[in-house]
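One structure below.
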């Protein structure tokens with residue numbers, strides 16, 4: 001099955017990528033709302049920092065557990081169908097969060113949210129691997145990264161301002177209802193990958209065991225974990241840090257955090273476009289992607305230290321630097337597995353990679369809450385986040401082999417020649 005034959009003429013790759021980008025934007029708005037509302041929810045429901053940290057990480061328990069099955073389901077029954085079901089589940093969970101009355105109800109709804117959102121990246125990666133050629137896959141992932149990185153900016157700015165006037169509950173009602181609207185344009189997508197129940201798109205692809213034996217999967221998974229530890233540490237705790245440590249109001253916090261996330265999203269979009277131009281000009285996929293990923297982690301080590309140790313202006317400057325270098329590397333996180341796994345295995349590969357990558361979502365918010373309660377400050381949490389970047393350098397630069405398309409066959413996975 002060719003990439004072009006896999007999509008009916010009614011749905012162009014551009015339209016498909018745009019809809020996927022919007023879905024990922026919604027994904028990150030909905031998962032980040034609890035962080036934005038954390039100062040208000042903590043006071044209203046009398047939660048400790050440890051309880052809050054657990055709630056912020058609870059989403060990732062089901063998100064991580066369901067990620068690999070979501071990749072398998074997307075290749076077994078069609079990524080189009082599974083992604084639509086996932087959006088429906090997470091939109092309902094977001095809406096119902098507005099009714100939460102305590103720790104237990106919040107916990108259950110965060111777990112439900114994780115189940116729904118687990119479909120997003122494996123299914124979108126499967127569809128992109130089918131529809132987009134490698135020389136343009138950086139731009140596709142840059143646009144999708146813009147979506148999921150601008151999501152926190154929109155959620156923080158709009159949500160933070162609205163919460164300061166109407167409280168946190170109406171905002172969850174509003175965002176949950178808006179999330180459901182995405183299903184309307186998605187229902188008009190015409191993808192030949194939509195398979196009848198009982199059929200499979202995995203028939204001519206590698207076995208799951210073959211995918212798990214590929215060294216590149218584990219290098220990318222380690223690098224993904226490192227990237228996500230820093231990302232989720234900031235996403236989960238930045239509002240609380242800016243309000244309680246730096247003394248900003250909810251409105252000012254929303255402006256700073258939202259501005260930082262917007263810079264991150266713009267950097268990702270620009271990076272994806274620049275990487276594609278570099279590749280089409282004859283640049284090596286390995287040198288380009290590995291160089292960008294390694295540089296991002298080295299710069300993040302210094303940025304995390306500066307956020308904790310410098311005065312307020314220097315700390316905010318380091319926050320913006322971190323968001324820029326994170327954005328530069330964001331397209332590569334999913335472009336690399338899409339290039340290497342190809343249409344036959346991208347869904348399952350990204351399901352596994354994103355599972356390990358998002359273990360950071362479980363660990364970072366919870367460990368941070370424990371460290372704050374134990375030490376009375378954020379310093380140790382920033383120090384740990386800084387050190388985790390070393391794992392990213394090891395995974396993306398040293399463990400990951402040459403980046404090129406793998407041809408899956410009975411003898412093993414053979415790469416395209418350079």
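What the table below lists for this structure:
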| item | result |
| --- | --- |
| Qualifying residue in the stretch 121-132 (condition: out of contact with any strand residue (DSSP E or B) (no Cβ under 9 Å at 6 or more places or on another chain) and surrounded by fewer than 20 Cβ atoms within 10 Å (Cβ to Cβ)) | no |
| When residues of the stretch 372-389 are limited to those that are part of a helix (DSSP H, G or I) and more than 23 Å from the chain's Cα centre (by Cα), the one farthest from residue 207 (Cα to Cα) | 375 |
| Residue match in the stretch 333-344 (condition: over 24 Å from residue 126 (Cβ atoms) and either within 21 Å of the chain's Cα centre (by Cα) or crowded, with 24+ Cβ neighbours inside 10 Å (or both)) | no |
| Total residues in the stretch 223-248, condition over 17 Å from residue 365 (Cβ atoms), surrounded by fewer than 22 Cβ atoms within 10 Å (Cβ to Cβ) and in contact (Cβ under 8 Å) with a residue 40 or more places away in the chain | 1 |
| Residue match in the stretch 95-109 (condition: farther than 17 Å from residue 41 by Cβ, touching a residue at least 24 places away in the same chain (Cβ under 8 Å) and more than 15 Å from the chain's Cα centre (by Cα)) | no |
| Any chance residue 304 is under 20 Å from residue 228 (Cβ atoms) and in contact with a strand residue (DSSP E or B) (Cβ under 7 Å, 6 or more places away or on another chain) | no |
| Matching entry among 392, 369 (being at pLDDT 95 or above, buried (at least 16 other Cβ atoms within 10 Å of the Cβ) and assigned to a helix (DSSP H, G or I)) | 392 |
| Extreme residue, farthest from residue 274 (Cα to Cα), among residues of the stretch 133-143 that are modelled with pLDDT of 90 or more and surrounded by fewer than 24 Cβ atoms within 10 Å (Cβ to Cβ) | 143 |
| Candidate set from the stretch 144-167 (those that are within 24 Å of the chain's Cα centre (by Cα) and under 14 Å from residue 41 (Cβ atoms)); member that is modelled with the lowest pLDDT | 160 |
| Of all residues in the stretch 395-418 being out of contact with any strand residue (DSSP E or B) (no Cβ under 8 Å at 6 or more places or on another chain) and surrounded by 15 or more Cβ atoms within 10 Å (Cβ to Cβ), the one that is modelled with the lowest pLDDT | 408 |
| Residues of the stretch 42-60 that turn out to be surrounded by fewer than 20 Cβ atoms within 10 Å (Cβ to Cβ) and either touching a strand residue (DSSP E or B) at 6+ places or on another chain (Cβ under 8 Å) or in a helix (DSSP H, G or I) (or both), as a count | 7 |
| Verdict on residue 361 being at pLDDT below 95, under 20 Å from residue 67 (Cβ atoms) and touching a helix residue (DSSP H, G or I) at 6+ places or on another chain (Cβ under 8 Å) | yes |
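Residue-wise test of (1) modelled with pLDDT of 95 or more; (2) closer than 18 Å to residue 146 by Cβ.
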{"position": "282", "(1), (2)": "no, no"}
{"position": "285", "(1), (2)": "no, no"}
{"position": "290", "(1), (2)": "yes, no"}
{"position": "302", "(1), (2)": "yes, no"}
{"position": "306", "(1), (2)": "yes, no"}
{"position": "311", "(1), (2)": "no, no"}
{"position": "332", "(1), (2)": "yes, yes"}
{"position": "345", "(1), (2)": "no, no"}
{"position": "351", "(1), (2)": "no, no"}
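The values are calculated or read from the model by the stated rules, or taken from the named source; none is laboratory data. If you're wondering where the values come from, they're calculated on a predicted model, not measured in any experiment. Methodologically, a virtual Cβ is constructed for each residue, glycine included, from the backbone with ideal geometry; neighbour enumeration extends over all protein chains shown.
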